[in-house]
Structures are given as C-alpha cells and as structure tokens.
Amino acid sequence: MATEVLRVLDRGALQAELERAGTLLRNGGLVAFPTETVYGIAVAAHVPAAVERLYALKGRDPTKPMTMMVAGLGPVHERCPQIPPKAMQLMKRFWPGSLTLVLPTLHADGSAAGLIGFRYPAHPLAQGLVKAAGVPLLVPSANLSGQPPATTAEGVLLQFPDQLDLIIDGGPAERGLASTVVKVEGDEVTVLREGAIPERRIDQPHYAHVLFVCAGNTDRSPLAAALLSRRLATALSCTEAELEDRGFIVRSAGLAAEPDRRASRRSRQVAREFGEPVVELEAHRSRRLTQDMLLQATRIVCMERAQRDEILAFFPHRVRDVFLLDPEGGDIADPAGQGVGTYRRLARRLDAAGSLIAGSLLP
C-alpha cells in the first residue's frame, strides 16, 4: 500500500491533520515530517512493536538509541530530575533549535536508566506534531542507515516508498544538516556529532553572529555593522579582525541589494568622523540577503518592520531571533538622497543601538 502524503498548503489550517497524525502515532503508526534540519520519522515510544518496526525499517542497530523529541522541558525534567547546569545553559541558548542533548536519566526509584538524547525542534510543524501526539516520540532522521537524511518529502518517498503510514510534506527542510548532538554528564560536555550548530558555538559560551538587514546594503546596515564591530572590539581590547576568534561575527545584507556596490559616499564620510578607532567602510561591498545568511545568524536586526515581517513570513520559527533595531519598534528610515546632517543623526542612532546590542552580547 502506497504511503499517504499530506501536502501542507496552509499551516494555519493544519490542526485537524496534526490531530489525525497524533492518533496514528498513538496507535503505533510511523509518520515522517520536516524539522528545521532534516525530515524525521516519528514513532510512539510506548508502543514496542512500532519501535521495533522502525528499527527494522531503517536497518538501524537495535542497541543504538533514538532521540526523544519534545515540545517543552517537562518530559526532560521527568526523566532527568537533576539536569546538569551546563545542559541547562545549552538549552537556554539553543532550544528550541537544532541541538540534541544526550543526558543521563533515572528510573522512578532513582536508579540510573542510561543516556537519552532529547531534541526540542524549532520548526512549528514539528512542535505541533509532538503536542498533538501527546505521548513521548522517538524520532530518528528519515533515511536508511548509512544513507544521507532526506530533506524533502520526495526524498523520504524515495527511501521508503510504501513502508510509512503518513508523510507530512511541509516543504524542504531549511538547513539540510542533521542536529548537533552533545552529551552532558556532570561538568563534562562532549560534542558527539557536529551538525547544524558548529562545534565552536558549543565551545564558545558567548558566540554571536549578528546580521544587520536593510534594503540596499549601502547605508544603514553596513554602517550599523561597522559601528557594532567597533564597540565590540573596544570592549574586548582587540582588533576588529580578531573578533571572530573571540566568538563574534558581525555582517550586513540587503533584501533588495544590487551585489558588489560600495557604501554610499555619505555613509563613508560619517563613518570616518567617529574618531579613534576609525570606522572604515571603504572595503564594504553590498550583498543580497540569502537563506544561508539567515540560517547562520544568531541574531538578525532589521531597520524596518516590513523587512522583519518579510523574513518571518519564510522563517516563522526564528521569531525570537529577528529584531527591529529601534527598541521602541519604529522604522529607521532610508537616508538615501538626504544631506550629511541626516546621515550624522542616523550614525548616532545606529551607534546608540549598537551600544545596547553589545551590552547584551558581552559577558
């Protein structure tokens, strides 16, 4: 019997279908669905026959545990009454997101129950499925053991043409990389697999990749990036070239940018007026915003509400990472065609905002 494929056209009208998928899972079915990394296959952990079926289907070693997917911290606390502080720090930084945390768990009598990997996905469809199921779900990647994980519903069908009960087609998985797997036991943190989150972000507690976004990437966003870089370098007593080694990346891009244009003459002029250390925009060349840039950034700062809305329309799960530069929610108007006085006021406003951002990033 061919696998049923549910194509998601309107996420807002998906609840009834998620409830049906949840019922399938509770009854021992296998459901494939997208996360922000790759597609996964879910099975209810409390149905041993279904778990065995999934192991056999994937050709997976039965001694190799599968990740438990959660939609909150409750199930983790139930199985790990004493979560290591370093694990809590990682949860605060990366959950919901592309991190699988392997933690020591306990039986009800307090005896050791072994290690379990937990994943709290950021993808709203994945979260909705976990909530609809209402039971613990084991979710390995959607692939035959030894094969690359599927990143589309079509890719899932190629590997499992008629063995699953349902595939929820939510479009391509955004990153195409599996989650990063980190084991935490006591004070020891071990990266078991580097995936969507680079290992250096795990090792650097204050890592940040800030991306400023405007329209043309010749005025507002490059000036904001240059001013923030200056503030970070001053606070860390290093050069701007050394910021990346200290765990900070600052970039800019434009939603409608023509690639490889210089920063505007006015922006270059007011940048040089900031004194020592000199803010330099001579080397800047404009870049059009891409999906990869958005996925790599840990904080995305927009000049206008319309820009933020456009990004979130395609990346709704990044809502807590996409900000307006104005803390009061106003737009930073494009100064193109205005006099040097307008640019000077813009630079002061961007620098003040940069001061707030730097304060939130530095230890």
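The values are calculated or read from the model by the stated rules, or taken from the named source; none is laboratory data. The model shown is predicted, which means the values in this text are computed figures rather than measured ones. FYI the Cβ positions are ideal-geometry reconstructions off the backbone, even for glycines, and counts take in every protein chain you see.
A few comments on the model shown:
- Checked against (1) surrounded by fewer than 21 Cβ atoms within 10 Å (Cβ to Cβ); (2) under 24 Å from the mean Cα position of the chain (by Cα); (3) not in a helix (DSSP H, G or I), K86 passes all but a single condition, namely (3).
- Some residue of region 336-353 being outside any helix (DSSP H, G or I), touching a helix residue (DSSP H, G or I) at 6+ places or on another chain (Cβ under 8 Å) and buried (at least 16 other Cβ atoms within 10 Å of the Cβ): no
- For beta carbons closer than 6 Å, sequence separation of 6+ or different chains, a first residue in region 120-141 that is small (G, A, S) and a second that is part of a helix (DSSP H, G or I), the qualifying pairs are A122/H317; G128/L18; A132/L18; A132/E19; A132/G22; A133/G22; A133/L25.
- Any hit, region 5-21, residues being assigned by TED's automatic domain parsing to the domain that holds V139, among the small types (G, A, S), at pLDDT below 90 and over 23 Å from the mean Cα position of the chain (by Cα): yes
- When each of A283, A253 is tested for being in contact (Cβ under 8 Å) with a residue 24 or more places away in the chain and either outside any loop (DSSP other than H, G, I, E, B) or of a type in the set (A, V, I, L, M) (or both), the lone residue that passes is A253.
- Matching residues in region 27-56 - criterion: being surrounded by fewer than 17 Cβ atoms within 10 Å (Cβ to Cβ) and assigned to a helix (DSSP H, G or I): P48, A49, E52, R53, A56
- Sub-6 Å Cβ pairs linking a first residue in region 191-211 that is over 16 Å from L232 (Cβ atoms) to a second residue that is modelled with pLDDT under 85, at least 6 apart or interchain, are G195/L177; A196/R175; A196/L177; R201/Y207, ordered by first then second residue.
- Sole exception among (1) surrounded by fewer than 19 Cβ atoms within 10 Å (Cβ to Cβ); (2) under 20 Å from the mean Cα position of the chain (by Cα); (3) in contact (Cβ under 8 Å) with a residue 24 or more places away in the chain for T100, by number: (1)
- For region 295-308, the set of residues classified as farther than 17 Å from I332 by Cβ and either at pLDDT 90 or above or assigned to a loop (DSSP other than H, G, I, E, B) (or both) consists of A297, T298, listed by residue number.
- Filtering region 240-261 to residues that are in contact with a Pro (Cβ under 9 Å, 6 or more places away or on another chain) and under 17 Å from G354 (Cβ atoms) leaves E240, S252.
- Members of region 70-83 found to be surrounded by fewer than 13 Cβ atoms within 10 Å (Cβ to Cβ) and not in a helix (DSSP H, G or I), listed by number: P81, Q82
- Residue count for region 178-204, restricted to those that are basic (K, R), closer than 19 Å to K92 by Cβ and modelled with pLDDT of 90 or more: 1
- The residues listed here are R308, R349, R344; of these, the one that is under 15 Å from L228 (Cβ atoms) and among the basic types (K, R) is R349.
- Some residue of region 281-298 being on the phi > 0 side of the Ramachandran plot and either buried (at least 19 other Cβ atoms within 10 Å of the Cβ) or not polar (S, T, N, Q) (or both): no
- Qualifying residues in region 258-280 (those that are β-branched (V, I, T) and in a loop (DSSP other than H, G, I, E, B)) - the one nearest to G337 (Cα to Cα): V279
- Among the residues of this structure, I197 counts as one that is under 16 Å from L99 (Cβ atoms), hydrophobic (A, V, I, L, M, F, W, C) and either in a helix (DSSP H, G or I) or under 19 Å from the mean Cα position of the chain (by Cα) (or both).
- Flag for I332 being under 25 Å from the mean Cα position of the chain (by Cα) and of a type outside the set (K, R): no
- Hits in region 326-335 (condition: surrounded by 13 or more Cβ atoms within 10 Å (Cβ to Cβ) and acidic (D, E)): D326, D331, D334
- The number of residues in region 89-117 being closer than 15 Å to T37 by Cβ and assigned to a strand (DSSP E or B) comes to 4.
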